[in-house]
1. Only one of Thr237, Thr282 is modelled with pLDDT of 95 or more, crowded, with 23+ Cβ neighbours inside 10 Å and β-branched (Val, Ile, Thr); which?
2. In the list Ala166, Ala162, Ala157, which residue meets the criterion of being away from the ligand (no atom under 16 Å from the Cβ), surrounded by 24 or more Cβ atoms within 10 Å (Cβ to Cβ), within 21 Å of Arg60 (Cβ to Cβ) and within 21 Å of the chain's Cα centre (by Cα)?
3. So which residues in the range 119-154 are of a type in the set (Gly, Ala, Ser) and more than 24 Å from the chain's Cα centre (by Cα), if there are any at all?
4. I'd like to check something: does the range 121-133 contain any residue that is away from the ligand (no atom under 15 Å from the Cβ), farther than 25 Å from Ala175 by Cα and either outside the structural domain of Leu230 (by TED's automatic domain parsing) or among the hydroxyl-bearing types (Ser, Thr, Tyr) (or both)?
5. Scan the range 318-338 and give yes if some residue there is surrounded by fewer than 20 Cβ atoms within 10 Å (Cβ to Cβ), on the phi < 0 side of the Ramachandran plot, within 25 Å of the chain's Cα centre (by Cα) and in a loop (DSSP other than H, G, I, E, B), otherwise no.
6. Could you tell me which numbered condition Gly202 fails, if it satisfies all but one of (1) surrounded by 24 or more Cβ atoms within 10 Å (Cβ to Cβ); (2) outside the structural domain of Ser307 (by TED's automatic domain parsing); (3) in contact with a strand residue (DSSP E or B) (Cβ under 8 Å, 6 or more places away or on another chain)?
7. Need pairs with beta-carbon distance below 7 Å; first residue farther than 13 Å from Gly137 by Cα and within the range 208-227, second near the ligand (Cβ under 9 Å from one of its atoms) and of a type in the set (S, T, N, Q); sequence gap 6+ or separate chains.
8. Is it the case that some residue within the range 40-59 is among the charged types (D, E, K, R) and part of a strand (DSSP E or B)?
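The values are calculated or read from the model by the stated rules, or taken from the named source; none is laboratory data. Just so you know, these numbers come straight off a predicted model, no measurement behind them. All Cβ positions, even for glycine, are placed from backbone atoms using ideal geometry, and neighbour counts span all protein chains on display.
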Amino acid sequence: MQRIDHMYINGEFVTPHGQQWFDLHNPSTEEIIGQVRLGDEKDAQRAIAAARAAFPAWSRTTREERIAALRRMHRAIAEREEELLQAIVTEYGAPSVRSRWMAEYPAQTVAQAIDALESFEFEERAGAARVVMTPVGVAGLITPWNSNAGFISNKLATALAAGCTAVIKPSEMSAMQTQIVAEALHEAGLPPGVFNIVNGRGDVVGEEIVRNPGIAKISFTGSSAVGQRLLSAGAVTMKRVTLELGGKSPTVVLDDADFAEIMPLVLQAGFLNSGQACIAGTRILVPRHRLAEFEQIAREAVSHVKSGDPRQADTDIGPMVSARQWERVQNYIRIGMDEGAALLAGGEGRPDGLHRGWFVKPTLFTNASNQMRIAREEIFGPVLTIIPYTDDAEAVSIANDTAYGLSAIVLGKDIERCERIARLIDAGRVLVNTLVHEPRAPFGGFKHSGLGREMGKWGISAYLEPKTLMMESAQA
Ligand code: NAD
């Protein structure tokens, strides 16, 4: 059993002041596989002090110096890909294709930050003035469990690219991934204090980061409820805030689509990351006059989706991350049935033959209304809801009738029509007939899905304040 008994402050692994231990589980077996010692408010304060002390020197580094540091960071993280893969499968249960992607993604995010930094304009003219983009100060970076290593790497690389220093509060449930990333970052030889990592609970370490006047900016990825709380609590110290939150993304199937052809995309989008993805396409909008045909093809396709041991190559859906998450998903399946949606596949309980592990049956509800809770609330599991619509206008209206606006997919044969509909959907990202991810494009959401954007120049800008410089002209 792995015991993680230190955190990373001011360039060293140190023993936390906090005394509490937190159990780490393997969600495929429900066994305790490790423990992490959690930090407390004092640890967070110590990390913030270190990041503040490192800020003046780091904020004055040149572009070339930052690029050199980020390249070392990229190399060190890329070298840990296999270890990350094992940690991701063990403590989180992502199936093989997904876990491979998640193990590669941390290094990819650093590469995109380097790309963006290479061409970023830190100074430009505005009339007679010069505008100098200036780092905001120490950034507090808070990550979720569903892509912990990726979000630590992305947020840190972007903050450092902008000239900020950072205190990272990773998800307490992903301490093995955090440990590997921390070791890699240590090897990268970044100056002491520019990044600090404090394992801890959200309501202890997270709250201290949000409250502390030494933190100028928060970048948070997690649930909309916690995001809202951070926004209001952060207002007291006027924090700059970037929020990447939840979703209830629509997959709009147009009536000219070949259902057999698009079904793999529909299911991959919905069951992405075992359904534990912010961008999962969980509302499937289907033309009413072809609903029966869609249902028949969908039922057949879901019968081949395998939920089970993530180490087996043919597994599509791994376990839910925790017992709590498993219960939550079961509860939503009951809610869907109580609300009167028709169960097309799956349902309550574990998949046949599995008696241990937080596994869920891939579940499809159909003939649902967009007003049902299963259509409005983020379930965060492999539970999809088919909602019929009459015409394109109604499809767009249902797609937009949600508190969220993170992502959407449009599937159809007529590309111009798809694009027309894509432009009408209120979401940070709309994909047409593809699930391809472009890490250089801005990522983030409308409405309750968040505030601001990450990635590319948009990501770097979020850690900078524009400063206008006006000089007395030479002739005056
Ligand atoms: P969560 O909101 O419970 O926790 C996220 C992080 O916030 C954790 O590190 C947690 O410890 C911390 N936290 C909790 N309470 C806090 C508080 N009061 N103050 C400060 N920090 C606090 O989310 P989760 O369950 O870890 O992740 C799943 C959620 O994340 C889903 O809603 C999902 O949609 C969302 N998510 C969004 C994106 C995106 O890019 N939009 C990506 C991945 C996940």
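1. Thr282 is the lone residue from the list that is modelled with pLDDT of 95 or more, crowded, with 23+ Cβ neighbours inside 10 Å and β-branched (Val, Ile, Thr).
2. Sole residue among the options that is away from the ligand (no atom under 16 Å from the Cβ), surrounded by 24 or more Cβ atoms within 10 Å (Cβ to Cβ), within 21 Å of Arg60 (Cβ to Cβ) and within 21 Å of the chain's Cα centre (by Cα): Ala162.
3. Matches in the range 119-154: Ser119, Ala126, Gly127, Ala128, Ala129.
4. No, the range 121-133 contains no residue that is away from the ligand (no atom under 15 Å from the Cβ), farther than 25 Å from Ala175 by Cα and either outside the structural domain of Leu230 (by TED's automatic domain parsing) or among the hydroxyl-bearing types (Ser, Thr, Tyr) (or both).
5. Scanning the range 318-338, I find at least one residue that is surrounded by fewer than 20 Cβ atoms within 10 Å (Cβ to Cβ), on the phi < 0 side of the Ramachandran plot, within 25 Å of the chain's Cα centre (by Cα) and in a loop (DSSP other than H, G, I, E, B), so the answer is yes.
6. Looking at each condition in turn, Gly202 falls short on (1).
7. Every condition considered, the pairs that remain are Thr221/Thr143.
8. No, the range 40-59 contains no residue that is among the charged types (D, E, K, R) and part of a strand (DSSP E or B).
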